[in-house]
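The structure appears right after this line, and notes come after that.
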Amino acid sequence: MAQRLTLQVEVVTTTGLVFEGPADEVIAPGGEGQLGILPRHAPLMTTLTIGALHIKHAGSEETLFIGGGFMEVSDNRVIVLADDAERASDIDEARAEEARRRAQQQLDQAAGDIDRAALEGEIERAIGRIHVAEIQRRRRPRRELPTQG
Ligand code: ATP
């Protein structure tokens, strides 16, 4: 039987390798919309925006937060060079909520356009992290605590 064709995915940031593994499909936050990558995809080099990267393999799915970057597809290899990347399970949602609240508060008082653009970027990143953490939470619901009495 012919071997099933898969993609080999690597997600890298300046601090190191965040994810490495096989995939049947990758859905990435492309600069001009979501991009679905399947095996045998044509060579591609594209920018990524802030968002969720979904890596599907053998019926399961791993989701990562990507803070923008680049993606290269070639010979069934998908390389994501991200400004920031975290696996959903590594996201500290409370920290992201706090970062969003703080940036929003500063934005309400910011005078200059440059300050505003930077703060809007921070808010967008925090919202992206919260979104990915929520996806993860929905996927693996916490076990009900036993009721007392
Ligand atoms: P904070 O204001 O909460 O420190 P930040 O926006 O300043 O967040 P970044 O500069 O975007 O943080 O990222 C710094 C490092 O911390 C990066 O390596 C990033 O992956 C990680 N990081 C940031 N926020 C979170 C989070 N909510 N959960 C997990 N890792 C995070």
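Each reported figure results from applying straightforward, stated rules to the coordinates on display, with no laboratory input. Computed from a predicted structure; not experimentally measured. We place every Cβ from the backbone using ideal geometry, glycine too, and count neighbours over all the protein chains shown.
Points to keep in mind about this one:
- Using the Cβ of VAL78 as centre and a radius below 14 Å, the other residues enclosed give a net charge of -4, where K and R count +1 and D and E count -1.
- Inter-label distance for GLU134 and GLN109, nm, one decimal - labels placed 7 Å from Cα along Cα-to-Cβ: 2.8 nm
- The chain - percent relative contact order, Cα under 8 Å, separation 6 or more: 20 percent
- Folded to 0 to 90 degrees: helix 93-109 orientation relative to the chain principal axis, Cα: 50 degrees
- The ratio of the alpha-carbon radius of gyration of the chain to the globular-protein estimate 2.2 N^0.38 Å is 1.21.
- Ranked LEU64, LEU35, criterion: other C-beta atoms within 10 Å, fewest first: LEU35, LEU64
- By the helix-only formula, in which each DSSP H run with n ≥ 4 contributes -39500 (n - 2.57) and the sum is divided by residues, the chain has a 222 nm mean residue ellipticity of -10500 deg cm²/dmol.
- Total charge dipole magnitude, the chain, about the Cα centre, Cβ charges on Lys, Arg, Asp, Glu only, Debye to nearest 20: 600 debye
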